[in-house]
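Structure first, then comments.
The values are calculated or read from the model by the stated rules, or taken from the named source; none is laboratory data. Note that the structure is predicted; figures quoted are calculated from it, not measured. As a convention, Cβ positions derive from the backbone with ideal geometry for all residues, glycine included, and neighbour counts pool all protein chains shown. Accessible surface areas use protein heavy atoms only, side chains included; no ligands, DNA or RNA. Shrake-Rupley method; radii C 1.70, N 1.55, O 1.52, S 1.80 Å.
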Number of protein chains: 2
Amino acid sequence: MSLLVVGSVALDTVETPAGKAETVLGGSAVYFSAAAHRYTPVRLVGVVGEDFPAEHRDFLKSMDVDISGLITQPGETFRWHGRYEGAMNEAETIRTDLNVFGDFDPALPEDFRDSDFVFLANGVPAVQMKVLDQVTGPTLTVADTMNLWIETTREDLDRMISRIDVLCLNENEARMLTGEHLLARAARRLMELKLKAGVIKKGEHGMTLATPGATFALPSFPEENVSDPTGAGDSFAGAMMGFLAREGRTDPASLMLAAAHGIAMASFTVGGFGPQHIADIPLEKVEERVHQLRAVCTF
Amino acid sequence: MSLLVVGSVALDTVETPAGKAETVLGGSAVYFSAAAHRYTPVRLVGVVGEDFPAEHRDFLKSMDVDISGLITQPGETFRWHGRYEGAMNEAETIRTDLNVFGDFDPALPEDFRDSDFVFLANGVPAVQMKVLDQVTGPTLTVADTMNLWIETTREDLDRMISRIDVLCLNENEARMLTGEHLLARAARRLMELKLKAGVIKKGEHGMTLATPGATFALPSFPEENVSDPTGAGDSFAGAMMGFLAREGRTDPASLMLAAAHGIAMASFTVGGFGPQHIADIPLEKVEERVHQLRAVCTF
């Protein structure tokens with residue numbers, strides 16, 4: 001089934017204990033696509049500036065991503081400069097230049113409106129809702145969010161959440177949103193928002209999947225080679241959504257298997273800088289890690 | 001097979017968001033015993049002062065714990081006063097009075113020396129080694145430790161670790177001991193210490209089990225009712241060791257199943273104050289949670 005992602009396309013500068021990448025391709029929609037395209041074709045909606053290198057556009061095309069929804073506007077592309085230290089659980093933002101992404105007003109190409117699986121990458125909740133206004137009867141809508149929107153646009157965020165099926169957020173955001181310190185409680189509280197599921201991303205601690213009937217959890221893949229966590233969450237979502245769109249399923253068991261694919265994919269993402277190195281990973285390699293992840297937590 | 005625990009027997013005062021318990025029975029050896037006794041008889045070595053209430057001694061006897069190694073010395077029993085806040089991941093110690101435990105010099109009764117499974121609860125590494133000097137060919141020796149010994153008695157700690165089979169510690173201690181921020185790396189580094197296994201306790205994030213061949217991990221049981229985390233780690237170890245001693249096994253697959261029992265037991269421990277409420281839990285209830293835990297992470 002068709003898969004749509006709406007989110008940022010960026011030029012990132014990232015520093016980690018493993019090295020530095022300067023002005024490389026980044027953005028949530030890009031990492032999502034690099035992970036998802038192995039499962040199913042991806043439709044991308046985003047905005048870049050006139051400085052966006054042709055090679056990055058070619059890279060997206062090489063993954064068979066439909067970029068007819070990637071518009072170019074006068075000005076510069078969204079730029080983010082971040083640094084990771086220690087356990088690299090959270091990035092310290094050194095500089096953000098929203099540039100053309102600051103006025104992002106997503107307009108879906110006519111033939112994107114029937115998309116079955118829709119991923120709203122982290123962004124202004126009001127903008128995420130503009131996408132929901134344009135899709136016609138999707139099978140599954142999934143949105144990511146962040147602490148900034150919980151703190152500054154809570155009403156819009158609540159309204160957006162009431163219109164989607166699945167919310168993705170990290171563990172501290174889940175605590176902040178629900179007011180519960182304990183993740184087991186936060187997971188249950190997410191279900192009071194009438195969601196089909198809540199996905200709590202926990203970095204090296206794996207993920208918790210809240211569904212109306214039960215709470216599930218998976219450890220992370222015990223990857224020792226972590227060079228750059230940038231895009232881990234978006235590639236997790238990309239593999240998860242790619243798997244679900246390919247299978248055309250949204251039941252809890254499928255969500256768990258999809259999340260395992262997400263964890264496996266993210267374990268590759270963190271092994272290098274930028275999205276290119278995951279675009280080339282054969283699906284068999286990801287499936288191998290899914291099997292290994294099963295062995296990690298089988299008893 | 002026989003199971004020995006050497007550790008603290010204490011009088012605890014604990015404050016949590018759920019309430020306060022004043023001068024109640026506590027201590028690592030007590031929580032360990034309350035969890036382990038459902039699996040196999042426990043031999044306990046510890047020290048208390050003359051103020052130790054007879055009812056607590058009766059409680060231990062009621063669990064069929066052999067307390068012939070629990071000696072009474074002039075002075076007061078070890079007292080600990082702690083407070084948990086927020087997610088209750090770590091206790092803030094308000095006051096510690098080691099009292100008679102400060103001079104704890106464990107002397108094993110003659111008929112304890114042949115113990116097959118030995119648990120050295122957290123304590124001075126030199127004292128833990130005195131126990132190792134007295135046991136004759138145990139099948140499995142497991143020790144817990146803490147940041148204090150990593151910081152202050154590192155040489156003794158290293159010597160102690162070189163003499164045991166399995167080391168238990170929490171995630172920050174694992175990072176501190178190995179100098180690795182990433183738990184996946186810390187787990188591998190633990191294996192350089194020539195251990196049979198390393199157990200990294202992660203509270204609401206479950207546990208990681210490092211073995212020479214592979215790293216395993218389990219999420220925690222998604223328990224929403226958390227009143228008091230005191231003793232969670234020791235009751236985890238108690239159920240784990242009780243299971244292993246009952247089965248007489250030490251292979252990685254058995255360690256994982258034993259760890260699942262530990263997680264299930266600990267999820268009961270945190271539900272109330274003090275060790276009494278877990279002593280009465282039928283083993284079938286624990287086994288039910290082991291099955292539920294399997295459902296939590298199956299995909």
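Tabulated data
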{"quantity": "Helices (runs of 4 or more DSSP H) completely within the range A:220-279 that count 3 or more residues being surrounded by fewer than 23 Cβ atoms within 10 Å (Cβ to Cβ) and over 17 Å from the mean Cα position of the chain (by Cα)", "calculated": "A:252-269"}
{"quantity": "Search result, residues across the range A:282-297 that are open to solvent by 20 Å² or more (accessible area, probe 1.4 Å), among the aliphatic types (A, V, I, L, M) and touching a residue at least 12 places away in the same chain (Cβ under 8 Å)", "calculated": "A:LEU283"}
{"quantity": "Residue ID - least open to solvent (accessible area, probe 1.4 Å), chosen from residues in the range A:167-211 that are in contact (Cβ under 8 Å) with a residue 60 or more places away in the chain, more than 11 Å from every other protein chain (Cβ to nearest Cβ) and out of contact with any Asp or Glu (no Cβ under 6 Å at 6 or more places or on another chain)", "calculated": "A:VAL199"}
{"quantity": "Of the criteria (1) at pLDDT below 95; (2) open to solvent by 50 Å² or more (accessible area, probe 1.4 Å); (3) away from chain A (no Cβ under 14 Å), which one B:ASN89 fails", "calculated": "(3)"}
{"quantity": "Given (1) of a type outside the set (Phe, Trp, Tyr); (2) within 30 Å of B:HIS181 (Cβ to Cβ); (3) more than 20 Å from the chain's Cα centre (by Cα), index of the condition A:VAL14 fails", "calculated": "(3)"}
{"quantity": "Scope the range B:79-119; condition under 25 Å from B:LEU167 (Cα atoms) and β-branched (Val, Ile, Thr); matching residues", "calculated": "B:THR93, B:THR96, B:VAL118"}
{"quantity": "All positions within the range B:101-120 that are open to solvent by less than 10 Å² (accessible area, probe 1.4 Å), of a type in the set (A, V, I, L, M) and farther than 21 Å from B:GLU155 by Cβ", "calculated": "B:VAL118"}
{"quantity": "Only listed residue being hydrophobic (A, V, I, L, M, F, W, C) and either open to solvent by 30 Å² or more (accessible area, probe 1.4 Å) or over 18 Å from the mean Cα position of the chain (by Cα) (or both), chosen from B:MET63, B:MET1", "calculated": "B:MET1"}
{"quantity": "Single residue of A:ALA260, A:ALA253 found to be farther than 30 Å from B:GLU180 by Cα and within 11 Å of another protein chain (Cβ to nearest Cβ)", "calculated": "A:ALA253"}
